[in-house]
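Scroll down for the structure; my scribbles are underneath it.
Rule-based calculations on the coordinates, nothing more; no lab input. All values derive from a computational prediction rather than experimental measurement. Because the Cβ atoms are built from the backbone with ideal geometry, glycine has one as well, and the counts that use them run over all protein chains shown.
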Amino acid sequence: MNRRQFLKSAVFTTIGAVVLSACKKVATTTKSLADKVATRTFLKGKKEEISLLGFGAMRLPIIDGVETNIDEKKVEEMVAYAMEHGINYYDTAYIYHMGESEKVMGKILQKYPRESFYLATKMPLGMIQSKQQVEEIFEDQLKKCKVDYFDFYLAHGLNSHAYETFKKYEVYDVLNKKKQEGKIKYLGFSFHDVPELLEEIVSKYKWDFVQLQVNAIDWEMVNAQKQYEIAEKNGLQVIVMNPLRGGQLSTLNEESAAILKQANPDASLSSWGLRYVGSKSNILCTLSGMTTIDQLKDNVNTFTDFKPLDNKEQEVYKQAIEKYRLAGAIACTGCKYCIECPVGIEIPKIFMMYNQHKNGTKFRDWQFTMAYEQIPEDHRADKCINCGLCKTKCPQKLDIPNLLKEVDTLYKSLK
């Protein structure tokens, strides 16, 4: 069934969008589809209906812990389930799974009618060294994804450093030309920096959408609220990345989780975080990097007959998040942009272990030391040479070398 037939056969029921205090107006209408995830209308396009839950291909299931060895059978099963339940937005990138994500998603999605899904990918600004390379990478992406055009295309990870590359090699001009040629339908960018730079970028260039990191922690901590408001003011709907902050909001800690379980024993922790994001009216699509079919099913359940958080639920969630903040976890999302460490330190894994110990979600003292010692000695925190490369790669702007020292200090104190 193609998209037009699907939309004709679906029964739409308009539900009132709850506007949170940060939202000044309702920019979109949420539509609930029978047995399908909710959709929102993309206003910059031809009033297309985009699934409010998007399939993120950044954390696909892998075999034997090898990032490039994607379990295609499991991904195919997940995509089939996603399609069946109305997810029509699929997001990948040139660097995801070290270049393998685009290949796998292209191979699997070609089994479906091209008009039945929206495909998004991104230009890796951190790799660009010439204007010609922008052309070459884009054409390579078309081949890898086995498509003639991309529905949504992004300049990947704009920050102060990447923005200089973006301007130097005239990336916008190249991508805008691709749009005029019909190889890009909608052009946007993902962003990790301060609101002032976002304001400059959206005012200097013509965009169709923007991708921002929006979640209950970052709304205040990295001023996601201000970024969201800038996008809204400039008429740009938001695609959300890291709505669960790399899984942090799917686990929380015992005290925070207890607050949410008392309020709604049947709701998963993930559902609270996703409903928090989806409650904001200028959100077009919420990307979730799902690794298992169970995660996908839970998220689909959250966005089917989608219900925004009401005022009481907002207060409960705020209380739970505040308890989590006080626990002092490292604000790592597990994006793995830092894994090009010259000495091979397993930074995301180390920070995950630290957080699970700090928040009491998995590791007690002896469990932390046991798990930490499974990491080869040459790849542990104390082997950091303080080169600073990881700091330039981190979207969260974490002081990774000093944080690694904290982890090493904890390990040695427990040891």
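Numbers below:
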quantity: Computed helical MRE - 222 nm, the chain, DSSP H runs ≥ 4 contributing -39500 (n - 2.57), nearest 500; calculated: -12500 deg cm²/dmol
quantity: Residue with peak Gaussian network fluctuation, the chain [Cα springs, cutoff 10 Å], from Tyr169, Tyr90, Tyr228; calculated: Tyr169
quantity: Under the span-like rule (Cα at least 30 Å along the axis, Kyte-Doolittle mean at least 0.5), DSSP H helices of the chain; calculated: none
quantity: Two-site FRET efficiency, Ser116 against Val343, from Cβ-Cβ distance with R₀ of 41 Å, rounded to 0.05; calculated: 0.35
quantity: Listed residue (Asn386, Gly54, Ser413) projecting farthest to the positive dipole end of the chain, Cβ model; calculated: Gly54
quantity: Links that overshoot a 22 Å alpha carbon limit, given the list Lys280/Lys349; Lys206/Lys393; Lys103/Lys336; Lys280/Lys312; Lys46/Lys178; Lys143/Lys183; calculated: Lys280/Lys349; Lys206/Lys393
quantity: Cα-centred dipole magnitude for the chain, charges only on beta-carbon of K, R (+1) and D, E (-1), debye, nearest 20; calculated: 940 debye
quantity: Linear extension gain, Glu254 paired with Asp382, 0.36 nm per residue minus alpha-carbon span; calculated: 43.1 nm
quantity: The chain: antiparallel DSSP beta bridges as a percent of all, rounded to 5; calculated: 30 percent
quantity: Volume per residue of the C-alpha convex hull in the chain, rounded to whole Å³; calculated: 134 Å³
